[in-house]
Amino acid sequence: MALKYSKQRQAIWEFLQDRTDHPTADVVYNSVRKDYPNLSLGTVYRNLMLLRDIGKVRTVDVGDGIIHFDPQVREHNHFICSECGRILDIGGLDTDRILADAATNFSGKIEGFTVNFHGICADCLKGKQKAPADDVASR
């Protein structure tokens with residue numbers, strides 16, 4: 001079944017496609033509604049979940065109770081800064097080895113996994129990072 005075209009969905013996708021900050025539905029809503037004032041948060045959330053279901057974005061759970069959205073659907077992992085809350089992409093890990101090691105020690109069927117690293121990002125170590133709300137407002 002082909003998806004019916006939606007200007008709002010297109011605007012949501014265009015907002016997301018080049019972002020690396022893993023925004024929440026609220027961040028997407030607050031930005032996209034500037035061009036679509038009748039847009040509801042529910043519509044944004046439904047469209048984000050649809051984009052996830054068709055493989056254009058993936059959801060990221062970083063343990064903060066909020067769903068973050070990532071347009072980079074290729075295999076990669078995340079680093080969560082405990083100081084500023086930023087979520088950064090980490091690539092280059094030998095995830096095949098991690099999966100193989102896990103499968104050797106588990107009798108069930110592993111269908112996927114995530115790896116989140118926690119610590120302090122380079123900007124916070126240097127004392128330069130702005131608060132997440134300030135960073136989002138400047139976009």
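All conditions in (1) crowded, with 16+ Cβ neighbours inside 10 Å; (2) closer than 26 Å to Asp123 by Cβ; (3) touching a strand residue (DSSP E or B) at 6+ places or on another chain (Cβ under 9 Å) hold for Leu51, with the sole exception of (2). Within the stretch 108-127, if we keep just the residues that are surrounded by 10 or more Cβ atoms within 10 Å (Cβ to Cβ) and not hydrophobic (A, V, I, L, M, F, W, C), the residue that is farthest from Arg97 (Cα to Cα) turns out to be Asp123.
The helices (runs of 4 or more DSSP H) found wholly in the stretch 1-101 include none carrying at least 2 residues that are over 18 Å from the mean Cα position of the chain (by Cα) and in the same structural domain as Asn116 (by TED's automatic domain parsing). Val73 fulfils the conditions (1) closer than 20 Å to Arg19 by Cα; (2) modelled with pLDDT under 85; (3) of a type in the set (A, V, I, L, M, F, W, C) except for a single criterion, (2).
Scan the stretch 54-107 for residues that are in contact (Cβ under 8 Å) with a residue 12 or more places away in the chain, surrounded by 11 or more Cβ atoms within 10 Å (Cβ to Cβ), among the aliphatic types (A, V, I, L, M) and over 25 Å from Cys124 (Cα atoms) and jot them down. Result: Val57, Val73, Ile98, Leu99. Among the conditions (1) of a type in the set (Ser, Thr, Tyr); (2) assigned by TED's automatic domain parsing to the domain that holds Thr20; (3) more than 21 Å from Asp26 (Cβ to Cβ), Thr114 misses just one, which is (2).
Taken over the stretch 1-11, the residue count meeting the criterion of being of a type in the set (Ser, Thr, Tyr) and surrounded by 12 or more Cβ atoms within 10 Å (Cβ to Cβ) is 1.
Could you tell me how many of the residues in the stretch 12-47 are surrounded by 15 or more Cβ atoms within 10 Å (Cβ to Cβ) and touching a Leu at 6+ places or on another chain (Cβ under 8 Å)? Of the residues in the stretch 12-47, 9 are surrounded by 15 or more Cβ atoms within 10 Å (Cβ to Cβ) and touching a Leu at 6+ places or on another chain (Cβ under 8 Å).
The values are calculated or read from the model by the stated rules, or taken from the named source; none is laboratory data. Values in this document were obtained by computation on a predicted structure and should not be read as measured data. We place every Cβ from the backbone using ideal geometry, glycine too, and count neighbours over all the protein chains shown.
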